[in-house]
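Report on one structure; see the data block that follows.
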Amino acid sequence: MLNIHHLELFYYVARHGGIMEAVRNMPYGIQQPAVSGQILQLESDLGLKLFNRRPFELTAAGRELFEFVRPFFSNVEVVGEKLRGGVTQTVRMAAPSAILRDHLPEVLQMVRKKFPRLKLILRDAHQPLVEQWLERHEIDFAVTVLEGRPVSGLDCEALLELHGSFLVPKTSRYKNAAQVLDAIAGGVGAAPAEPLITLPANEALPRAFREMLSKRELEWPAAIEVSALELIEIYAANGFGIGLGFDLPDRKLNPLLRSLPIAELPVIRVGALWRGKLTPLLQHLLDSFRARARVFVPPPGSPNSSEKKG
């Protein structure tokens, strides 16, 4: 007979990619030597090696066992809440840190009005990992930058289309994005005198900007990296350099700045991802994200939209 606790420990090791990582992410305290010993006992009971330690990699037997135990252990807490009468409703959600930090709190204020006993399990991730978790039923819902079509079987709804722009002081000599790009090229690849202020290098907008420059055989390394778009505006407005942000015509820009849209940059799409039929809670969460998105860019034809103004 296999020890059910050993199987649970193996589930966390396989899910998080190693014993040390499992210990850090398990919902209860347990020491690393104890986990190692009990996993060794499980392998002894099976007469099989379940994973290679360094680098971590599941064996064929380990993958088969993980697929067997995953549906049970990944849903134990949710099932427990249902058996207790569903007083608490849980959402397992993933999104990039910027969305979790800057936008989810506002969304949750709306959701909690209808679901006051909401419980959240949040993960920081981008599209590829989000899709894997949705396929494995490890999360229920995600909001992320969409790069390419989601994998088959997932539902998707675009919430925002964002256009990149340079944010420069109104006193700047640059009147459009082309002048900034020409200044980079004019120095045989050297950047303008002003430093570049941008989001972290792994975010979608900086990556798209680097790819655009690469096609021109140009480089402009970031001089200041910040964690939020609001900080780009603050630093650009205070004369620390040129910001790489988004052109949001319906959002009030810092009065000291001018936005210079970058036509060559591809549109950055932000959207929701889920799998299967939405529960009433998840539908309300999606509706709340739609409302949050309209704060930044109202839908075409609405009283506050730029299309209406034009």
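Is it the case, given these coordinates, that R112 is over 20 Å from the mean Cα position of the chain (by Cα) and either surrounded by 14 or more Cβ atoms within 10 Å (Cβ to Cβ) or assigned to a helix (DSSP H, G or I) (or both)? So R112 fits the description; yes. Taking first residues from the stretch 98-112 that are within 11 Å of L285 (Cα to Cα) and in contact (Cβ under 8 Å) with a residue 40 or more places away in the chain and partners that are surrounded by 14 or more Cβ atoms within 10 Å (Cβ to Cβ) and of a type in the set (G, A, S), the Cβ contacts under 7 Å between residues at least 6 apart in sequence or on separate chains come to V107/S288; M110/S288; V111/S288.
If you go through the stretch 242-296 and keep only what is over 19 Å from the mean Cα position of the chain (by Cα), basic (K, R) and assigned by TED's automatic domain parsing to the domain that holds P128, you end up with K277, R294. The residues of the stretch 1-55 that are β-branched (V, I, T) and assigned to a helix (DSSP H, G or I), listed by number, are I4, V13, I19, V23, V35, I39.
Please work out if L134 is over 21 Å from R294 (Cα atoms) and surrounded by 20 or more Cβ atoms within 10 Å (Cβ to Cβ).
Yes: the conditions hold for L134.
Is it the case that the stretch 23-45 has a residue that's more than 29 Å from the chain's Cα centre (by Cα) and under 22 Å from Q132 (Cα atoms)? No: the stretch 23-45 contains no residue that is more than 29 Å from the chain's Cα centre (by Cα) and under 22 Å from Q132 (Cα atoms). Taking the stretch 287-299 as the range and being surrounded by fewer than 19 Cβ atoms within 10 Å (Cβ to Cβ) and either at pLDDT 90 or above or aliphatic (A, V, I, L, M) (or both) as the test, the residues that pass are D287, R290, A291, V295.
Regarding E8, is this residue out of contact with any strand residue (DSSP E or B) (no Cβ under 8 Å at 6 or more places or on another chain), closer than 28 Å to F141 by Cβ, modelled with pLDDT of 85 or more and charged (D, E, K, R)?
Against the criterion (out of contact with any strand residue (DSSP E or B) (no Cβ under 8 Å at 6 or more places or on another chain), closer than 28 Å to F141 by Cβ, modelled with pLDDT of 85 or more and charged (D, E, K, R)), E8 qualifies.
Going residue by residue through the stretch 202-215, is there one that turns out to be more than 25 Å from D124 (Cβ to Cβ) and either surrounded by 20 or more Cβ atoms within 10 Å (Cβ to Cβ) or at pLDDT below 90 (or both)? No: the stretch 202-215 contains no residue that is more than 25 Å from D124 (Cβ to Cβ) and either surrounded by 20 or more Cβ atoms within 10 Å (Cβ to Cβ) or at pLDDT below 90 (or both). Listed by position, the helices (runs of 4 or more DSSP H) contained in the stretch 122-238 that have at least 2 residues being over 20 Å from I99 (Cβ atoms) and in contact (Cβ under 8 Å) with a residue 40 or more places away in the chain are 177-186, 229-237.
Within the stretch 270-286, restricting attention to residues that are assigned to a strand (DSSP E or B) and of a type in the set (A, V, I, L, M), the residue that is surrounded by the fewest Cβ atoms within 10 Å (Cβ to Cβ) is V270.
The values are calculated or read from the model by the stated rules, or taken from the named source; none is laboratory data. Only a predicted model underlies this, so the values are computations on that prediction, with no experimental measurement involved. Because the Cβ atoms are built from the backbone with ideal geometry, glycine has one as well, and the counts that use them run over all protein chains shown.
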